[in-house]
């Protein structure tokens, strides 16, 4: 993705990381179709440049060094805020304070 290439996912049970719109820029192939990979890729070559650009864009938004800490912290924050009041309150408060400081520091850089 970082290189602007189309991910080819050979799996029957792969669970994609939340965030990116995987179906727009990746190819998924069932494991039983392993012998068909060359033909499958060939059939999608006309979309390779467009999908590669989308892969790079999604990588920048979700996985680049500048974004991955913010994305991870946001996901953890969502989990903590969805818990009942008082659930791990000390840990939640410490984490949320640390995240807010980290995000402020990173945004100044």
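The values are calculated or read from the model by the stated rules, or taken from the named source; none is laboratory data. For clarity, every value in this text was computed on a predicted model and none was experimentally measured. Counting neighbours? That spans all protein chains shown, and the Cβs are built from the backbone with ideal geometry, glycine included.
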Can you give me the number of residues within the stretch 6-40 that are closer than 26 Å to residue 65 by Cβ, more than 12 Å from the chain's Cα centre (by Cα) and surrounded by fewer than 14 Cβ atoms within 10 Å (Cβ to Cβ)? 5
Can you list residue pairs whose Cβ atoms sit under 8 Å apart, with the first residue in the stretch 38-55 being under 18 Å from residue 1 (Cα atoms) and the second being part of a helix (DSSP H, G or I) and at pLDDT 95 or above? Count only pairs 6 or more apart in sequence or on different chains. 44/51; 51/24; 51/25; 52/25; 54/24; 54/25; 55/25
